[in-house]
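Working notes, beginning with the structure itself.
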């Protein structure tokens, strides 16, 4: 296929296109939440993540970005770039609560909301434009409401498909600078007919699917921009990248992206993992952590009225070698004791003595809890375990996660309950901030 027919085909596709897609991306979400809850952080370079030797930057504000800090960077490198940065360990539960609140704002305009992560989402507002105005009006309204109701900044991109909406939201964001953050437009709209005018000057790495390896291959053909890629014959691109990747990038280069916005995808697994400040070398030390994670996994399963049949153990050793082991049960479970027992049995298949830096426990093959056919000897014990688990959940709902838990998790500082995301960015030299510091805001 020659590139000469592409403009005509693009115009025909654009003429048929009728979707209005929004991409909402919160600005430095975790850091923005921390500055909202602690005004003393405003104006300072703030980094959310683990500040220990194995920590990772989860988020940072624009004051920190001005020094070259970015998400997924090691905390040690971030400290070298910005020694005066303020590290905050992060509060996943708090971020999740804020996320649910601005998702409520999104759903007040359309039920077709696809959350990509806690801090970004796609919205298909095609059916809402008659009620709330065009895509630009809805984007400005959402941005205003998120700021007025939650005190958080966001950028919104509007386009006829996911690709253009996401690139537009990126173009709407502020720019970091040592002299002060340069404000962004806040909302960028890609009007019908201007798709290629917006898309083609961008660097080719802006497209989904163009990572370092693909970019290196494309550079051999002198491709630097999306326009360069669009003008490359399809046969040449397929020969360089393969049929699937070649056609995919060819379509994106001509602003073609037919992927729908998919609302409320069901969870396929529920799990917890943790990276440790010091390697674990014994079964006993690992078992204690597995009890914490099994307790947390079971709590989340029960919260969503789910149970899992397959239990998976993840082990990462000191040299970053990572293995997984799984076991599928005859019937699904949401019982912490049983999940912990399976995880411990799986652990016995490996040797922890070289040093374990990360452990994880996941329940998958999810479904609704089902009644079990028990033997006579089993009739009392499982029923008692289920009643005990239900009682524990009721106590936690009323008094908090740390009100009750396995006795093995009680230490000098109290009950060490595993919370979702509490160390997902690596261990810190300081303990995570307490959720109780949020006062009466309604956050967990």
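Bear in mind that the values in this text are calculations on the coordinates, not laboratory data. The shown structure was predicted, so the numbers you read here are calculated from the model rather than taken from an experiment. Every residue, glycine among them, receives a Cβ derived from its backbone with ideal geometry; neighbour counts consider all protein chains shown.
Just report the Cα centroid separation between the range 197-213 and the range 149-182, whole Å.
If we compute the Cα centre of each part, the gap is 17 Å.
How much length is gained if the chain between residue 245 and residue 319 is pulled fully straight, taking 0.36 nm per residue apart and subtracting their Cα-Cα distance, in nm to one decimal? Show your work: numbers first, answer last.
Numbers: separation 74, 0.36 × 74 = 26.64 nm, distance 3.28 nm.
So the chain would gain 23.4 nm between residue 245 and residue 319.
For an R0 of 45 angstrom, estimate the FRET efficiency from the Cβ-Cβ distance between residue 76 and residue 227 and round to the nearest 0.05. Present the calculation step by step, with values, prior to reporting the outcome.
Values: r = 39 Å, r/R0 = 0.87.
For R0 = 45 Å, the calculated efficiency reads 0.70.
For a paramagnetic label modelled at 7 Å from the Cα of residue 219 toward its Cβ, which residues of the range 190-213 fall within the zone defined by backbone nitrogen distances under 19 Å?
Inside the label zone: 202-213.
Hey, if you drop one equal point scatterer on each alpha-carbon of the range 92-214 and run the Debye formula without solvent, what base-10 log of I(q)/I(0) do you get at q = 0.14, 0.18 Å⁻¹?
Relative scattering, expressed as log10 I(q)/I(0), comes to -0.67, -1.06.
Taking 51 Å as R0, compute the FRET efficiency from the Cβ-Cβ separation of residue 310 and residue 179 and round it to 0.05.
With a Förster radius of 51 Å, E is 0.40.
Suppose each label sits 7 Å from its Cα in the direction of the beta carbon; what would the residue 285-residue 259 distance come out to in nanometres?
Each label point lies 7 Å from its Cα, and together they span 4.1 nm.
Based on the Cβ-Cβ distance from residue 327 to residue 208, what FRET efficiency comes out when R0 is 51 Å, to the nearest 0.05?
Values: r = 36 Å, r/R0 = 0.70.
Once the sixth-power term is evaluated, E becomes 0.90.
Taking one equal scatterer on every alpha-carbon of the range 165-321, how large is log10 of I(q)/I(0) by Debye at q = 0.11, 0.12 1/Å?
Once normalised to I(0) and log-transformed, intensities are -0.80, -0.87.
Which log10 I(q)/I(0) values does the range 298-371 give at q = 0.11, 0.12, 0.14, 0.15 Å⁻¹ under the Debye formula, counting every alpha carbon as one identical point scatterer?
-0.29, -0.34, -0.45, -0.51
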